[in-house]
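The values are calculated or read from the model by the stated rules, or taken from the named source; none is laboratory data. No experiment lies behind these values; they were computed from the predicted model shown. Cβ: placed from backbone, ideal geometry, glycine included. Neighbour counts: every protein chain shown.
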């Protein structure tokens, strides 16, 4: 009797254990890995870390959803904003077959260098920050997409904005990377035939420290506005030295300077700087407030920076693709190529035949240590004045 | 990448450091170093044999093979720097510029359909020819001043590339991959059921180049030329008194070193298939020099472990993102604190044995 009861208990225990194992197995989901590539060290790391945090937020949010098909894991890789390091990191991500897709690059020089790698190893990617048009338009790779618009979108708004404010005599300081030089070429093209005169252009190295020679010349020709085409670290140096050398022209920069660290580094000197960006203020985006709240709740040490929402959108798009078609590179690539009017926190996303999503750029001005949409600013209201008008 | 455990990486790092210190401190280690240093030329075969074994073991791993090829290519460039800096005492902070000249030569000539081996050689020769611009100022200065001239050159080189649109300007240039005997190195080796990544081709190419130039540098070191260079480095005035043509040998070492760095640069560009000016910063030059200093100035064998340390460790620390360079920098500082002459300092020349050979 005791024997048979013992056997019954053992059998029940075994069944319960097996059922438990089966249940646990059913609950376990396959892991889909998504690579994030951006500058996590060096002068542009503020933007890179903001992008990485935003991508992580998208992954963590989806992992909290019990109805998801997969568990998601973000694989952050540092491209250092250097093409050779970028190629190395891209190869690392692309050759790891467990990585389904990538959210890639802020620096245009790196993004343009790595497109061949993604194509060669068939890794679908969505660019979250680099704005050089050639990244999507210079090739016909079906793997390469971009959510954040290009400098074509941005420069159009910049030119209309500045000419609308009455700035007719410009000096342009640009970095000599493809970013700054490419922007200068587009500005020249857009200003051709207008009544704006570019008095002089100055190409400066991205790591140049002293701008006395250039700025003394700027002071001599006395333009109404100095337009800067480059990234934040360089922009900070140029703006602070303008002040030191007494250059009183208005200062405007392209989206490369639009970073929280611009205000941190310059303090009150950042006041009145004009810029444009392919992203509207977070609070005004369709899901922007949710992003702001969730980002704050996640407790990241670094701010999302203006490009953070695009990293979030790019990651979410990839996750949506994986949820729909499975963790398969080819299927995800094909899904991305059919994206049309897909809702996101940055507005609807549509990839054209080049994988490019055009966006409406927004005008900004630095006001009290923040980037404020021009229309909402005290400058637009006439309570504060820009220089050089 | 998926299977990479950070604890495994950290343990491997610590173990390799202890091994390095062990080799230098224990009798067995010193004996091993002596064998490497004093054996005949056959010992150089260790490089291709070990490289081939690792390459074959990793034959399907694209990324690991790419890193292996990168280590070998950097080791080749650092043999060039060792000839300049370690043997002749000619300071060259422009290593990355000569590496870039080789790369750009490959980009320009590779597109013209020239045989790839010829392009590689041209990379070295053009690098040496452009380096000749620096010969006069480097000869007329010494110490810090000579270093400053090479620093200026690397800065000028990058600026020149960024404004030169014939060479792709700031956006850079695509580079044709190498083709040897009608076979593109971007096609993986396939023999029966054996299928290898195309990066194995570049590992093999880099191994052959490294073995050849390693052997050449070893012959140079052990010959009367090496003795001239040593004497000149230690005491140029004394060497001149004994009839050594100091200017001539400084020029020769600078030119030979640049040929090797240029060939390495051309190989690297062909493997990466893209080249841009922002790759050639002064910081990159310092990293290259760090390989020579960390390994042990003048020790040819030491460039290989040091290249592994400088190229692979930052990559393996990717998981700690923004902290990886902090960890790497601490590691380098610790090495130099406890081994100021590098991990494997160059041993004293055993002149009697060398003459006996």
Query raised in the report: So which of B:71, B:90 is more than 14 Å from chain A (Cβ to nearest Cβ) and either at negative phi or modelled with pLDDT under 80 (or both)?
Result: B:90
Query raised in the report: Of the residues in segment A:99-115, how many are at pLDDT 95 or above and out of contact with any helix residue (DSSP H, G or I) (no Cβ under 7 Å at 6 or more places or on another chain)?
Result: 0
Report summary line: Only unsatisfied item for residue A:210, checking (1) outside any helix (DSSP H, G or I); (2) more than 24 Å from the chain's Cα centre (by Cα); (3) crowded, with 19+ Cβ neighbours inside 10 Å, is (3)
Query raised in the report: Residues B:100, B:123: which one is surrounded by 24 or more Cβ atoms within 10 Å (Cβ to Cβ), in contact with a strand residue (DSSP E or B) (Cβ under 8 Å, 6 or more places away or on another chain) and in a helix (DSSP H, G or I)?
Result: B:100
Report summary line: Subset of segment B:119-166, residues touching a helix residue (DSSP H, G or I) at 6+ places or on another chain (Cβ under 6 Å) and within 14 Å of chain A (Cβ to nearest Cβ), comes to B:154, B:157, B:158, B:161, B:162
Requested in this report: Kindly indicate whether residue A:62 is within 9 Å of chain B (Cβ to nearest Cβ), at pLDDT 95 or above and not in a strand (DSSP E or B).
Outcome: no
Query - Yes/no for residue B:182 being surrounded by 15 or more Cβ atoms within 10 Å (Cβ to Cβ) and modelled with pLDDT under 90 - result: no
Report task. Answer yes or no: is there a residue in segment A:30-38 that is in a loop (DSSP other than H, G, I, E, B), in the same structural domain as residue A:321 (by TED's automatic domain parsing) and touching a helix residue (DSSP H, G or I) at 6+ places or on another chain (Cβ under 8 Å). Result -> no
Query raised in the report: Out of all the residues in segment A:264-279, is one or more buried (at least 24 other Cβ atoms within 10 Å of the Cβ), within 16 Å of residue A:349 (Cβ to Cβ) and either touching a strand residue (DSSP E or B) at 6+ places or on another chain (Cβ under 8 Å) or in contact (Cβ under 8 Å) with a residue 60 or more places away in the chain (or both)?
Result: yes
Report task. Being within 30 Å of residue A:98 (Cβ to Cβ) and in contact (Cβ under 8 Å) with a residue 60 or more places away in the chain is the filter; apply it to segment B:41-53 and report the residue that is surrounded by the most Cβ atoms within 10 Å (Cβ to Cβ). Result -> B:51
Requested in this report: Assess whether residue A:204 counts as being in contact (Cβ under 8 Å) with a residue 24 or more places away in the chain and away from chain B (no Cβ under 13 Å).
Outcome: no
Query - Identity of the residue in segment A:355-389, part of a loop (DSSP other than H, G, I, E, B), crowded, with 19+ Cβ neighbours inside 10 Å and in contact with a helix residue (DSSP H, G or I) (Cβ under 6 Å, 6 or more places away or on another chain), that ends up modelled with the highest pLDDT - result: A:355
Requested in this report: From B:111, B:80, grab the single residue that is more than 23 Å from residue B:288 (Cα to Cα) and away from chain A (no Cβ under 14 Å).
Outcome: B:111
Report task. Quickly run through segment A:97-125 and pick out the residues that are within 21 Å of residue A:231 (Cβ to Cβ) and either under 16 Å from the mean Cα position of the chain (by Cα) or more than 14 Å from chain B (Cβ to nearest Cβ) (or both). Result -> A:103, A:104, A:105, A:106, A:107, A:108, A:109, A:110, A:111, A:112
**Report entry** Residues satisfying the stated conditions in segment B:147-197, i.e. in contact with a strand residue (DSSP E or B) (Cβ under 8 Å, 6 or more places away or on another chain) and more than 30 Å from residue A:183 (Cα to Cα)
**Finding:** B:177, B:178, B:185, B:188, B:189, B:196
Query raised in the report: Somewhere in segment A:139-161, is a residue within 13 Å of chain B (Cβ to nearest Cβ) and surrounded by fewer than 19 Cβ atoms within 10 Å (Cβ to Cβ)?
Result: yes
Requested in this report: Take the residues in segment A:13-43 that are farther than 20 Å from residue A:90 by Cα and modelled with pLDDT of 90 or more, then tell me which one is surrounded by the most Cβ atoms within 10 Å (Cβ to Cβ).
Outcome: A:31
Query raised in the report: Quick one: in segment A:176-200, which of the residues that are more than 21 Å from residue B:164 (Cβ to Cβ) and either assigned to a loop (DSSP other than H, G, I, E, B) or within 20 Å of the chain's Cα centre (by Cα) (or both) is nearest to the other protein chains (Cβ to nearest Cβ)?
Result: A:192
Query raised in the report: Among the helices (runs of 4 or more DSSP H) contained in segment B:252-348, which hold 3 or more residues that are more than 29 Å from residue B:109 (Cα to Cα) and more than 12 Å from the chain's Cα centre (by Cα)?
Result: B:303-316, B:324-338
Query - Of the criteria (1) closer than 28 Å to residue A:303 by Cα; (2) outside any helix (DSSP H, G or I), which one residue A:262 fails - result: (2)
Report summary line: For residue B:38, the lone unmet condition from (1) more than 14 Å from chain A (Cβ to nearest Cβ); (2) over 20 Å from the mean Cα position of the chain (by Cα); (3) within 24 Å of residue A:97 (Cα to Cα) is (3)
**Report entry** Selection from segment A:43-77 of residues that are under 19 Å from residue A:125 (Cβ atoms) and over 23 Å from the mean Cα position of the chain (by Cα)
**Finding:** A:70
Report task. Select from segment A:66-77 the residues that are facing chain B (nearest Cβ under 9 Å) and touching a helix residue (DSSP H, G or I) at 6+ places or on another chain (Cβ under 6 Å) and list them in ascending order. Result -> A:76, A:77
**Report entry** Unique match (being in contact (Cβ under 8 Å) with a residue 12 or more places away in the chain and away from chain A (no Cβ under 14 Å)) among B:263, B:275
**Finding:** B:263
